[in-house]
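The values are calculated or read from the model by the stated rules, or taken from the named source; none is laboratory data. Because the structure is a prediction, the values reported are computed rather than measured. A quick note on method: Cβ atoms are made from the backbone with ideal geometry, for glycine too, and the neighbour counts reach across all protein chains shown. Side chains included, ligands, DNA and RNA excluded: accessible areas come from the protein's heavy atoms. Shrake-Rupley method; radii C 1.70, N 1.55, O 1.52, S 1.80 Å.
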Amino acid sequence: MKYDIIIVGAGISGATLAERYARVLNRKVLVVEKRDHIGGNCYDYYDKAGLLVPKYGPHFFHTNDKTVWNYVSKFTEWIPYQHRVLSFVDGLLVPIPVNINTVNILFGTNIKNAQEMKKWLKENTEKIKEPKNSEEVALTRVGKILYEKMFKNYTKKQWDMWPEDLDASVMSRIPVRMNFDDRYFTDTYQAMPKSGYTKIFENMLNHKNIKVLLNTDFFKIANKIKTYKKLFYTGPIDKFFNYKYGKLQYRSLKFKTQTLRMKFFQSRAQINYPNEYDFTRITEPKHATGQQSDWTTIIKESPTWDGEPYYPVPSRQNKIIYKKYEIDAFKLNDKNIFFIGRLANYKYINMDQAFRNALDLFNNLAKD
Ligand code: FAD
Ligand code: UDP
């Protein structure tokens, strides 16, 4: 069978493009996926206890993008869920992002409103006009004491780099609240897919025009793929170019998953451990999935350089190398080869942005 569209990777980026080309333009699509499952890093499965387990760490869906929300909602029903995270600091559990309660609990203050919180921050933060790195972002937003207690060591563990060597964008992901709002995200749409993420991908890819080849590394079959109208690549960009400008760094995680005979292990879906241990956080997905069971699953995440590439590392050196690959990738657009997704664009993006980028690319190219 001949295919119009070849897609490397069955994660959000690949599945979205496959779905759009098959359903909207009636194209024949081949998706090549090296893992033994679809869904990319969002993949989840039911374990022996009937609990939904995310293989690559829990994913919490949140977006302000109505187009994305409407698009994903075609493939799933939702369970409302607002993510709340605690951080274990000085033996205490405090809310993160930093809000009034974080300061009150840690410093025994009695801040009651936004005005008092602003005053506290003004007295405790530093003034840096244009923060150049993640340390400067933290110092301007929360100040030195909170930075050292909640962010400095967590970031070193997560990235194996001190925040001063990391792009400002990393720490900019975490806001600071002038109120008591302890939600991790404030987006309009926040929810978990009722039957898990994998079901979303099954629904997206279930089309007569889409063929998915699992357990297949694209580079092992690339010489057999001769004709196509467009090829979309969602794997690591440096691998595509055989590392000709050098290797880009990707941070990975080791997940230690345990199923325990107890209703709940901890009080929230996520507790962060910035200082004491070599893991960064313990997550307990049951808080988010709303499943009823006498069992629960917990996942400890320990950052590492070995293993699957999860996080592009936004350092100065990686930016320089990526720029070179980006130029080569752009030139291949003339040959109908396109690079899309967290690994191919070498960018730390959330699920909603991955959907949005793939939808935008489809809409732009569909006009050709
Ligand atoms: P991927 O999901 O990485 O898909 C790429 C696919 O390509 C993979 O399946 C891979 O196996 C395949 N592939 C690569 N190379 C080849 C090859 N040579 N041949 C064939 N196939 C290949 N976002 C949120 O919004 N909320 C969250 O709570 C959240 N939590 C996260 C937690 C973790 C631990 C991580 C790592 C990410 C999290 N994200 C979260 C981000 C989210 O996972 C990504 O935005 C999203 O998965 C990106 O989709 P993608 O299609 O670009 O990439
Ligand atoms: N971070 C931190 N302390 C925390 C949580 C986050 O220092 O308790 C920093 C860390 O550098 C992390 C970044 O903020 O990589 C972004 O955090 P987020 O929770 O968005 O990370 P992700 O869920 O993407 O791993």
Rolling a 1.4 angstrom probe over the protein chains, ignoring ligands and nucleic acids, what is the accessible area of TYR197 in square angstrom, nearest 10? 10
Report the residue, chosen from ARG316, ARG268, ARG141, that carries the largest GNM mean-square fluctuation when the chain is represented by alpha-carbon nodes joined by springs under 10 Å. ARG316
Relative contact order of the chain, please, whole-number percent, based on alpha carbon pairs below 8 angstrom and at least 6 residues apart. 25
Answer in debye to the nearest 20: the dipole magnitude of region 196-280 about its Cα centre, from +1 Lys/Arg and -1 Asp/Glu charges placed on Cβ, is 440
About the Cα centre, and with charges only on the beta carbon of Lys, Arg (+1) and Asp, Glu (-1), how big is the dipole of region 58-154? Nearest 20 debye, please. 220
Could you list, bin by bin from short to long, the percent of Cα-Cα pairs of the chain in 20 Å steps? 26, 56, 17, 0
Out of the total accessible area of region 46-122 (probe 1.4 Å, heavy atoms of protein only), what percent is carbon and sulfur? 53
Computed over the chain, protein heavy atoms only, probe 1.4 angstrom, the accessible area per residue in square angstrom equals 48
With equal scatterers on the alpha carbons only and no solvent term, can you work out the Debye log10 of I(q)/I(0) for region 187-330 at 0.10, 0.13, 0.14, 0.17 1/Å? -0.59, -0.94, -1.04, -1.20
Quick one: the Cα spread of region 317-368 along its three principal axes, in angstroms, biggest first? 35, 28, 10
Cα gyration tensor of region 118-167, axes a ≥ b ≥ c as square roots of the eigenvalues: rounded (a/c below 1.5), prolate (a/b > b/c) or oblate? oblate
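Output the relative contact order of region 275-341, whole-number percent, from Cα pairs under 8 angstrom with separation of 6+ residues.
24
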Can you return the lysines within cross-link range of LYS55? Criterion is Cα-Cα under 18 Å, with same-chain partners fewer than 8 residues away left out. LYS34, LYS194, LYS199, LYS254, LYS256, LYS286, LYS300
Kindly express, to the nearest 10 degrees and within the range 0 to 90, the angle between helix 12-23's C-alpha long axis and the longest C-alpha principal axis of the chain. 40
Simple label model, 7 Å out from Cα along Cβ direction - GLU148 to GLN115, nm: 3.2
Give the percent of DSSP beta bridges with both residues in region 1-105 that are antiparallel, rounded to the nearest 5. 65
Carbon plus sulfur, as percent of the 1.4 Å-probe accessible area of region 181-254, comes to 48
Quick calc: nm separation of the 7 Å Cα→Cβ label points for LYS254 and ASP160 -> 1.2
Per GNM of the chain with C-alpha springs under 10 angstrom, the most fluctuating residue out of SER252, SER134, SER293 is SER293
Selection from LEU253, ASN203, LEU146 lying farthest towards where the dipole of region 125-279 points positive, charges on Cβ: ASN203
Springs between alpha-carbon pairs under 10 angstrom, Gaussian network model over the chain: which of VAL176, VAL85, VAL29 fluctuates most? VAL176
